[in-house]
Amino acid sequence: MSIKTALTSLLDIEHPILLAPMAGVSGGALASAVTNAGGLGVIGGGYGDRDWLTGELLKAGNTQVGIGFITWSLQKNPGLLDVALAYRPKAMFLSFGDIDGFAPRIRQAEIPLIAQVQTVAQARKAVADGADIIVAQGTEAGGHGGGRATLPLVPAIVDAVGKQVPVIAAGGIADGRGLAAALMLGASGVLCGSVFYASEESLAHPKSKEAAIAGSGDNTVRSSVIDVAREIDWPAQWNIRTLKNTFIDQWHGDLDGLRRNVATEMPRYVKARDAGDVDVSAVIVGEAVDLIRRDEGGAAIVQRIVSEAEVHLRHAPQMLG
Ligand SMILES: Cc1cc2nc3c(=O)[nH]c(=O)nc-3n(C[C@H](O)[C@H](O)[C@H](O)COP(=O)(O)O)c2cc1C
């Protein structure tokens with residue numbers, strides 16, 4: 001048995017599971033593992049380092065993967081889209097900003113365009129601007145995001161645009177229960193990030209992976225601390241969910257103080273990140289961190305989520321009594 005949806009037919013994939021384009025985590029090895037397991041792996045192009053992206057695309061080899069960019073960052077470096085399109089990715093994935101400046105070129109190249117949004121209004125606009133697939137991302141998600149929760153956001157976006165395009169649920173989904181629930185909400189699949197954070201192929205620091213495996217969703221927070229510390233100029237509507245740590249506790253209520261001290265705090269942060277010092281550098285995971293397991297590869301995670309979901313879906317009719 002397998003789970004077939006509008007998403008699996010549009011992308012011609014076996015399972016309705018996408019790897020999130022996690023900057024600094026989702027490289028070519030992880031993305032190709034997910035694609036080879038029947039999902040779609042998406043490389044996290046992040047803020048657009050061309051050499052890094054080309055290297056990771058090489059690591060994906062002949063496996064077809066998608067490429068993700070942070071839209072407002074791509075707007076500052078639009079030439080990078082040509083590099084991505086020349087590779088003929090299986091899909092282009094854009095989050096955090098208006099896609100209208102990029103959608104025509106992507107559509108012209110006949111590459112499916114996936115847009116990740118955080119509100120119903122953004123979903124409507126992204127479809128009007130040319131998105132082929134919408135990812136409805138709830139605030140439970142690890143990494144950057146907005147304020148709405150996955151459970152009510154997904155069906156609201158399905159109602160708004162689901163007749164035109166497949167909708168994928170994201171934020172807090174890390175096992176077969178989450179996939180089955182997302183399908184019940186009307187989604188055609190799921191996008192997962194946190195559950196792949198500690199996977200064998202993830203590019204996260206080994207000490208950060210350990211902290212994620214030990215972490216609890218009770219202990220995550222959305223803040224702008226690490227963006228201010230890294231001097232990344234994120235628009236105010238999005239902040240980033242991470243595990244709490246000493247550095248975030250110190251500066252969470254005092255971003256202006258952090259800005260005044262950035263000359264010393266930025267090098268301290270970067271040094272800690274390179275050393276895997278998780279008291280200072282952020283472990284970027286969401287509320288689903290409780291469900292992360294040790295020693296799983298990307299392919300095993302895909303297979304586990306699908307086979308668990310199949311069991312839940314098969315048993316669902318019994319609840320009807
Ligand atoms: C470590 C990490 C890095 C992320 N980086 C990006 C990114 O560069 N671009 C992006 O569109 N989303 C990014 N995200 C958000 C994901 O696209 C996705 O919405 C999220 O992981 C889904 O929720 P989950 O973490 O609960 O699975 C990131 C998420 C994580 C955990």
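Throughout, read-outs are computed from the coordinates displayed, never taken from laboratory work. Quick caveat: nothing in here was measured; it's all calculated off a predicted structure. FYI the Cβ positions are ideal-geometry reconstructions off the backbone, even for glycines, and counts take in every protein chain you see.
I want to check the label-to-label distance for Ala128 and Ser9. Put each point 7 Å from Cα in the C-beta direction and report it in nm to one decimal.
Result: 2.9 nm between the two label points.
Are there any helices in the chain, counted as whole DSSP H runs, that stretch 15 Å or more along their axis by Cα and score at least -1.0 on average by Kyte-Doolittle, and if so which?
150-161, 262-275, 298-315
Based on Cβ point charges of +1 for Lys and Arg and -1 for Asp and Glu, what charge dipole magnitude is obtained for region 206-275 about its Cα centre, in debye rounded to the nearest 20?
Values: 11 positive and 10 negative charges, 38 e Å.
Its charge dipole is roughly 180 debye.
What whole number of Å gives the distance from the Cα centroid of region 1-32 to the Cα centroid of region 268-320?
Computed from Cα coordinates, the inter-centre distance equals 15 Å.
For a label point 7 Å from the Cα of Val262 along Cα→C-beta, name the residues of region 187-226 whose backbone N is under 14 Å from it.
224-226
Just going by the charge dipole of the chain, with Lys and Arg at +1 and Asp and Glu at -1 on Cβ, which of Ala212, Ile248, Pro78 is farthest out on the positive end?
Farthest along the dipole direction, towards plus: Pro78.
Rounded to the nearest 20 Debye, what is the dipole magnitude of the chain about its Cα centre when Lys and Arg each give +1 and Asp and Glu each give -1 at the C-beta? Intermediate results must be reported in sequence, preceding the final value.
Working: 28 positive and 34 negative charges, 71 e Å.
The calculated dipole for the chain is roughly 340 debye.
Return the subset of Lys207/Lys244; Lys90/Lys209; Lys209/Lys244; Lys4/Lys163; Lys59/Lys271 for which the Cα-Cα distance in this structure is over 21 Å, preserving the input order. Can you show the working numbers first?
On the way: Lys207/Lys244 15 Å; Lys90/Lys209 28 Å; Lys209/Lys244 15 Å; Lys4/Lys163 17 Å; Lys59/Lys271 27 Å.
Going by Cα-Cα distance, Lys90/Lys209; Lys59/Lys271 fall outside the 21 Å limit.
For the chain, what relative contact order do you get, as a whole percent, if you take Cα pairs closer than 8 Å and at least 6 residues apart? Before the final figure, lay out the partial values.
On the way: 690 pairs, mean separation 56.0, N = 321.
Relative contact order here is 17 percent.
Return the whole-Å distance between the Cα centroid of region 103-137 and the Cα centroid of region 200-242.
Each part reduced to its Cα centre gives a spacing of 26 Å.
Sequence-distant or interchain residues sharing an amide H contact under 5 Å with Leu40, placed H: which?
Placed amide hydrogens put Ile17, Leu18, Leu19 under 5 Å from Leu40.
Scan around Gln116 for amide H atoms under 5 Å from its own, H built in the peptide plane at 1.01 Å from N, and keep only partners 5 or more places away or cross-chain.
Result for Gln116 returns Leu94, Ser95, Phe96, Val135.
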